[in-house]
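Mind having a look at this structure? Questions to follow.
Just so it is clear, none of the values below were taken in a lab; they were calculated from the coordinates. Predicted model, so just to flag it, every value in this text is computed and none were measured. As a convention, Cβ positions derive from the backbone with ideal geometry for all residues, glycine included, and neighbour counts pool all protein chains shown.
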Amino acid sequence: MSPEDRPPFFRTWRGAYLLVLGALAVEIVLLGWLSRHFS
Amino acid sequence: MSGIDWAVLLGTIGVVVAYGLWRTRGAAQLNSYLRGGTDSKWYTIGLSIMATQASAITFLSTPGQGFEDGLGFVQFYFGVPIAMVVLSATIVPMYYKTRVFTAYEYLEQRFDLKTRQLTALIFLLQRGLGAGLSIYAPAIILSTVLGWSLTWTNLLIGVVVIAYTVSGGTKAVSQTQQLQMTVMLGGMGLAFIYSFMTLPDGVTVSDAVGLAGAFGKLKAIDTSATFETRYTLWSGLTGGTFVALAYFGTDQSQVQRYLSGESLKQSRLGLLMNGLLKVPMQVMILGVGVVVFVFFLFHAPPLFFNAPALERARQFDGAKTTALEQRHADVFAKKRAAIDSWVEAHHSNDEARQRTAEATLQTLEAEAKALRKETKALVTASDARANPKDADYVFLSFVMTRFPSGLVGLLLAVILCAAMSATASALNALGTTSVVDFYKRSIDPTLADDKGVRVARWFTVGWGALAVAFAVFASQLDNLIQATNILGSIFYGPMLGVFLVGFFLPKVRGTPVFIATLLAQAAVVATWLGSDIGFLWYNVIGCAGVVLMSLVLDLRKA
């Protein structure tokens, strides 16, 4: 992959995809905690 | 509305439209008109994608949904980040490789003309009606709350959108959406912060969060495995992903946004930006509704938030309306006493007293809900065409009565920006699909650049006029509006199925896919008419139907 095709901060697109999916996982965990803790 | 509010509202809308027109002056090449010149950066694409999805109803109904049901609706959006990753990795590179103008153009390269034009036709039908609704839905609420004329509100939104969309094409839409989305995010952020400031003295953020939790408004995740509950973690992750894949991957109003990217990298980054911001943005908008709910625990809410509808009910049956209002006031007084007791117990860490107050509150909340149900029945009896869902009016009523001058104008600008951005994308995509998939393909294949732009402009004007006409006459077509809402869910599944077969089943040919699409479509319609399955599952059924039946029919043919 040429440098101009790479995403910023990552060597490959897989890293950027994992960041997005990781953020979703964190959001679900936080919202799950909110649901349990305040119900 | 004060003079400051009018100045903020008209100033914001004026700047947004003028900026879009100025940035796109002189754009007259067919490529730049339809594809936006392919020089957009990731942040323009990302904001444009978000603005296309965020219709005015997002900012009117979503806080209302938070007010009524809490944060649970956010689960619908869990599929968006997953879909953004899948699209970036698979479909978007394919679109770039084939250098298409529309998503449906790809289907002719892969299958045949009839499959391309069938999907393009489904898109035109669905989005054409949807464009009218994206004008009408906010117009009816704005005109009710603000006392504006419904017809003039429809015309105002429609004419402004048509003007800049026709004038500057795809680039004008993307450039204005960049500013519109900034206004929307900024405005809702301020609304979120200011909503907390409206809580009474002595009530802390911790109290507000605790009270919202006690009423079940913070139950964002539902892990129950049932098909009947509309929003669960599982329906969000599966059905929500299918909806998002279909919407962002095959709906031309979205595809056109990222095809205007400077490169594949910029388009991918724009989509991933949407994937990162979508869930937090929805939590914030639903959160505004939850804070408004807490506010109305301390201040008496109206019996019904749609004031003109309540007035009609009063004229229809004054005695019953007054009796309902009296019972409503009694319930509120008892609730207020229990709330005060809960807050005192919360401050003194008296858990036993807190639990007692919560039990009382739950009984009173059930009474309040029963009262709301009776009120809705009365409102519907007084006017069969009245909208019984007054949650749509909660946020705007709250803004108009509780927010300071200036912020009211900004929030109205947010709603109008949202109405314009969603409509502009739709008109832009409808014009493009009409030209590329029908006019240029079947009527005039040698269409020259300058004539092409003229034709595209006329198609956009035509679709715009149709959308405005639909919006103006929509009040007489209530069933049609309901049908339009369901239309999206019914068509997206089969549409996604066609594209998935195209991308991942290289041996399957055009005719089996064409027949499978028609059969799967019929199966989805039968499911809608004959079962209680939540609408998110239609997408799974339609998509799986096309994929499986294409395989079977292709094998039989072979």
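So how many Å³ per residue does the convex hull of the Cα atoms of the range B:353-440 work out to? Walk me through the intermediate numbers first.
On the way: hull volume 17.7 nm³, N = 88.
So the per-residue hull volume is 201 Å³.
Can you give me the C-alpha center-to-center distance between the range B:35-93 and the range B:124-192, rounded to a whole angstrom?
Centre-to-centre distance over Cα atoms comes out at 16 Å.
Once the piece of chain linking B:Gln326 and B:Arg99 is laid out straight, how much longer is it, given 0.36 nm per residue of separation minus the C-alpha distance between them? Present the calculation step by step, with values, prior to reporting the outcome.
Working: separation 227, 0.36 × 227 = 81.72 nm, distance 6.56 nm.
So the chain would gain 75.2 nm between B:Gln326 and B:Arg99.
Let me ask something additional. Which translational diffusion coefficient, to the nearest whole µm²/s, is obtained for the range B:172-327 from the Stokes-Einstein equation, given a Kirkwood hydrodynamic radius over C-alpha pairs, 25 °C and 0.890 mPa s?
For these conditions, the coefficient is 124 µm²/s.
Using a 10 Å cut-off on Cβ to Cβ distances, tally the other chain neighbours for every residue of A:17-28 and report the average as a whole number.
Rounded to a whole number, the mean comes out at 6.
Next question. Longer than 28 Å from Cα to Cα, which of B:Lys278/B:Lys334; B:Lys219/B:Lys320; B:Lys217/B:Lys389; B:Lys171/B:Lys440 are they? Say none if no pair is.
B:Lys278/B:Lys334; B:Lys219/B:Lys320
Please go through the range B:1-48 and write out the trypsin sites (Lys or Arg not before Pro) that DSSP classes as loop and that have at most 13 other C-beta atoms within 10 Å.
Those satisfying the criteria are B:Arg25.
Which value, in nm² and rounded to one decimal, describes the direction-averaged projected area of the C-alpha convex hull of the range B:110-242?
14.2
Normalised by the residues of the range B:117-218, what does the relative contact order come to in percent, with Cα pairs under 8 Å and at least six apart?
Result for the range B:117-218 is 11 percent.
Which semi-axis lengths, in whole Å and largest first, follow from the square roots of five times the eigenvalues of the Cα gyration tensor of the range B:307-386? Could you put the intermediate results ahead of the total?
Numbers: eigenvalues 232, 23, 16 Å².
In descending order, the three semi-axes are 34, 11, 9 Å.
Between B:Asp201 and B:Glu262, 0.36 nm times their residue separation minus their Cα-Cα distance comes to what?
Taking B:Asp201 through B:Glu262 to full extension adds about 16.8 nm, to one decimal.
Per-residue mean of other chain beta-carbon atoms within 10 angstrom of the beta-carbon, peptide A:6-14?
2
Per residue, what volume in Å³ does the Cα convex hull of the range B:430-470 take up? Don't skip to the end; give the middle numbers.
On the way: hull volume 2.1 nm³, N = 41.
Dividing the Cα hull volume of the range B:430-470 by its residue count gives 52 Å³.
If you don't mind, another one. Roughly how many whole Å is it from the C-alpha centroid of the range B:318-352 to that of the range B:282-299?
When both Cα centres are located, 17 Å separates them.
Arrange the following residues from fewest to most other Cβ atoms within 10 Å of their Cβ: B:Val292, B:Val331, B:Val540.
B:Val331, B:Val540, B:Val292
Neighbouring Cβ atoms within 10 Å as the yardstick, rank B:Arg353, B:Arg385 fewest first.
Arranged by neighbour count, lowest to highest, B:Arg353, B:Arg385 become B:Arg385, B:Arg353.
Okay, moving on. Over the alpha-carbon set of the protein assembly as shown, work out the extent along each principal axis and list the three values in angstrom, largest first.
Result for the protein assembly as shown: principal-axis Cα extents of 74, 50, 49 Å.
Quote the relative contact order of chain B in percent (integer), defining contacts as alpha-carbon pairs under 8 Å separated by 6+ residues.
Details: 883 pairs, mean separation 174.7, N = 558.
It rounds to 31 percent for chain B.
Of all the Cα-Cα pairs you can form in chain B, what percent are over 36 Å apart?
When every Cα pair of chain B is considered, 36 percent fall beyond 36 Å.
Right, another one. Between B:Thr380 and B:Met400, what FRET efficiency comes out of the Förster formula 1/(1 + (r/R0)^6) with R0 = 30 Å and r the beta carbon distance, rounded to 0.05?
It comes to 0.80.
If you count, for every residue in B:216-222, the Cβ atoms of partner chains within 10 Å of its Cβ, what is the mean?
5
Output ³J(HN,Hα) for the range B:290-298: one whole-Hz value per residue in order, computed from phi by the Karplus curve 6.51 cos²θ - 1.76 cosθ + 1.60 with θ = phi - 60°, and x for Gly and Pro.
Couplings: 5, 5, 4, 4, 5, 3, 7, 7, 9 Hz.
Among B:Thr375, B:Thr58, B:Thr363, B:Thr119, which comes first, then next, by fewest other beta-carbon atoms within 10 Å? Each step should come with its number before you reach the end.
Values: B:Thr375 24, B:Thr58 21, B:Thr363 12, B:Thr119 29.
By the 10 Å Cβ count, ascending: B:Thr363, B:Thr58, B:Thr375, B:Thr119.
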